[in-house]
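J.: Mind looking over this structure? Questions follow.
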Amino acid sequence: MLFLQNTHQVGEIAPRLVNIKAILISLLLSQVALANDPQAKGVQTDSPSLSAKNLPALGWLSKKTDTTFVVSRLSDAKIIASHNPNTTLTSASVMKIATSLAVLNHYPPYSKINTPVYTTGTRNGDTIAGDLVIVGKGDPYLISEKLWQFAADISNSGIRKITGNIVIDNSYFQVKKDAARLAGQKRSSNAYDAPVSALGINFNTVALAIAPGTKAGEKALLTTDPVKLDSVKVVNNIKTIHSGRNGFRVDRVSVLDGVALQTNGKIRSDAGLKKVYRSVSDPVLLAGSYLKAFLAQMGVAVEGNTVAGKKPGAARHLMDIKGYPMSKLVRGLNKYSNNYIADTLVSKLGAEFAGQASISGGMSVLQNFLRTKVGVQDGTYINGSGLNPENKLSAASLVKMLSYAYSKMEIFPEFLASLPNAGYDGSLRDRYKKKETRGLAGILRAKTGTLTQPRMASSLAGYFFHPRHGYLAFAVLNNAKNKKKVSIVELRHQQDKLISEVYKNL
């Protein structure tokens, strides 16, 4: 089968010459394979030709972990290898495969989520006498670049002063406490536990730039990036050292009027600039701080404060902050396993297709899609990011999802391009570089998954191309057994080795 063999170049399909006949044949074979399945879902139950007997890495994984594993040939849906294919295990971030497909099924890859901006006042010359109201509509990719352009548009419209408040309207989502994020509400040293909100800037995180002082003994240079935020207090306890090892810690602590970034440790004088990202607990204050800072850069002063509220009925539409295409959102979701993007898009699914603008509402939409369109009947679905350890999937179900994506030309190129490229980018950038696995670098694309608490879970699912068998879909999920000591690094290496062994033995 010849279809997008250079998978690392899938984002450059348009300007390249493509064998159209091969593509059509490939898609036809996929559809025939699906049609031959009684439920039209893409996985046959033939006895696999490979097992733990001739795949040493599978034997290693099975001793250390509870394991579910499947490799399926996409041209005819034949299972090439499997081990406990229908066992459901904690999935970690491979849950994002289900989320991505549900999102792309409901929103075309070219669709955008725009954020409307209103004003409650009247304009007099260069002054708006009233509030600026920003209404969140669930755009999870509202980043600094978009705010800079918004501030530039305000300035280029001749506005120099806003006398009222910045009002953040987050009422579009029915915000409920997400159990997977509760631990990080008051204090966090992570970015991945950012709260979900209808309006969130930079994934509801703040970046701290850390640079060494000019000489040993001085405090490091610390500043929020790319702009100074008035709701973020930085406590600087990082010392510059001449030699030795870098070692510093940054904790976000919630305070009454914002957050404090508490730092401790050492940084070498030759270390260069470092950046760390931390979640925030109050999306409203963060959004207002970002907006004020970017407007100030463009010469627009805001005299009021940041407040939470709802758009008044009489407010006048000022402009929209244009969103990125859905294909870019899904790429950001999968390449870097962004939990905020996943659960924000799930909440939007709930708002628009279930009448319940929450993660739970969106998960009902996702499950219905998997059941009715993909034929996945098993699994436990709590949130779209996989952050909750109670999310559970089987390898067989994941392969069904991958087979479904492959059969849909309208979404497959974008979905494939969103997956990390082995050895080159995203969460697979540093994998498939060892001698025994590097043969798959550039021809394997897959979603990773990792959890360390309350149970250790590692997962990998995606596609690779075989010169004789064509495209293969695979999934491997591992949950550490209670009494078996195993590291995430070991699990990842054995997963990579397992897929390499399949590749070499076919």
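J.: Would you mind working out the magnitude of the charge dipole of the chain relative to its Cα centre, with +1 at each Lys and Arg C-beta and -1 at each Asp and Glu C-beta, to the nearest 20 Debye?
T.: 1460
J.: Beyond 17 Å, how much of the Cα-Cα pair distribution for region 344-439 remains, as a whole percent?
T.: Numbers: 2926 of 4560 pairs.
Here the tail beyond 17 Å accounts for 64 percent of pairs.
J.: Of [x] 27.0; [y] 25.6; [z] 22.8, which one was derived for mean projected area of the Cα convex hull in nm² from the structure shown?
T.: [y]
J.: With the Cα gyration tensor of region 397-488 giving a ≥ b ≥ c as the square roots of its eigenvalues, does the rule (a/c under 1.5 for rounded; else a/b larger than b/c for prolate; else oblate) give rounded, prolate or oblate?
T.: It is prolate, given that a/c is not under 1.5 and a/b is the larger ratio.
J.: Nearest 500 deg cm²/dmol is fine: what mean residue ellipticity at 222 nm does the chain get from its DSSP H runs of n ≥ 4 alone, each adding -39,500 (n - 2.57), divided by its residue count? Don't jump to the answer; show the numbers that get you there.
T.: Numbers: 11 runs with 139 residues, N = 506.
Roughly -8500 deg cm²/dmol at 222 nm, from the helical runs in the chain.
J.: Which one of V133, S269, G121 is farthest out on the positive end of the charge dipole of region 112-324, using unit charges on Cβ (Lys, Arg +1; Asp, Glu -1) and the Cα centre as origin?
T.: Working it through, the farthest residue towards the positive pole turns out to be S269.
J.: P(r) tail for region 112-324, what percent of Cα pairs lie past 24 Å?
T.: Above the 24 Å cut-off, region 112-324 has 46 percent of its Cα pairs.
J.: Taking Cα atoms, how many degrees apart are the long axis of helix 339-353 and the longest axis of the chain, rounded to 10 and kept between 0 and 90?
T.: With rounding to tens, the tilt is 90 degrees.
J.: Does anyone have the angle between helix 95-106 and the longest principal axis of the chain? Alpha-carbon axes, 0 to 90°, nearest 10?
T.: 80
J.: Sorted by mean Cβ packing within 10 Å, highest first, what order do the peptides 429-438, 164-173 take?
T.: 164-173, 429-438
J.: Now a separate question. Residue by residue through region 137-154, what is 3J(HN,Hα) from phi via Karplus (6.51 cos²θ - 1.76 cosθ + 1.60, θ = phi - 60°)? Round to whole Hz and write x for glycine and proline.
T.: 10, x, 7, x, 10, 8, 10, 3, 4, 5, 5, 4, 5, 4, 4, 5, 5, 4
J.: In percent, how large is the relative contact order of the chain, given Cα pairs closer than 8 Å and 6 or more residues apart?
T.: 23
J.: Would you work out if region 99-227 is rounded, prolate or oblate? Take a ≥ b ≥ c from the square roots of the eigenvalues of the alpha-carbon gyration tensor; rounded if a/c is under 1.5, else prolate when a/b is larger than b/c, oblate otherwise.
T.: Here region 99-227 falls in the oblate category.
J.: Sticking with this structure for a sec: Relative to the longest principal axis of the C-alpha atoms of the chain, give the angle of the C-alpha long axis of helix 326-335, reported between 0 and 90° and rounded to the nearest 10°.
T.: 70
J.: Taking only C-alpha pairs under 8 Å that are 6+ residues apart, what is the relative contact order of region 397-485 in percent?
T.: Result for region 397-485 is 22 percent.
None of the figures in this text is laboratory data; all of them are computed from the coordinates on show. Bear in mind that the values here come from a model prediction, so they are computed numbers and not experimental data. When we count neighbours, we look across all protein chains shown, and the Cβ atoms used for this are built from the backbone with ideal geometry, even at glycine.
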